[in-house]
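In what follows, a structure is listed as structure tokens, so that the remarks can point back to it.
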Amino acid sequence: MPGTTVSRGNIIYDWLIAPSLTPVEVAASTAAEQSFTIQGLQAGDVASINCNVAQTAGIGIGNVRVASANTLTVEFTNSTAGALTPVSGVYNIIIQRPETGTVQTSAV
């Protein structure tokens, strides 16, 4: 039976924040990462996001990550033939901070 030496840990903090974000225009048929400053985020934090109101038709949210301390990046996708701007306003963001400061590579 295979084994692993991957260290494991727990989520030490798990909280919901609701900042107001103002995304910029996304070009047609593309995905673009946009950065937002959110104080208190740390490298290694895990984030998930959803918009508090209806999103602009044709805009989707792809990857979201904490790129560095105090910096959240959100990938907005535009599936249309024209440039679109994601909706501005409150976004609900769940932040999870691993006990070890890093996300482990295995759950087994």
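The values are calculated or read from the model by the stated rules, or taken from the named source; none is laboratory data. Since the structure is predicted, the reported quantities are computational estimates derived from the model, not experimental observations. We place every Cβ from the backbone using ideal geometry, glycine too, and count neighbours over all the protein chains shown.
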In segment 10-31, the residues that are within 27 Å of residue 56 (Cβ to Cβ), surrounded by 11 or more Cβ atoms within 10 Å (Cβ to Cβ) and not aliphatic (A, V, I, L, M): 19, 22, 23, 25, 29, 30
Residue list for segment 32-74, filter: of a type in the set (Gly, Ala, Ser), closer than 20 Å to residue 87 by Cα and in a strand (DSSP E or B): 32, 35, 47, 48, 60, 62
Complete set of residues in segment 46-65 that are of a type in the set (Val, Ile, Thr) and either within 20 Å of residue 30 (Cα to Cα) or surrounded by 12 or more Cβ atoms within 10 Å (Cβ to Cβ) (or both): 46, 49, 56, 59, 61, 64
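Here's the yes/no breakdown for (1) surrounded by 12 or more Cβ atoms within 10 Å (Cβ to Cβ); (2) at pLDDT 95 or above; (3) closer than 23 Å to residue 17 by Cα:
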position: 67; (1), (2), (3): yes, yes, yes
position: 79; (1), (2), (3): yes, yes, no
position: 86; (1), (2), (3): yes, yes, yes
position: 89; (1), (2), (3): yes, yes, yes
position: 98; (1), (2), (3): yes, no, yes
position: 106; (1), (2), (3): no, no, no
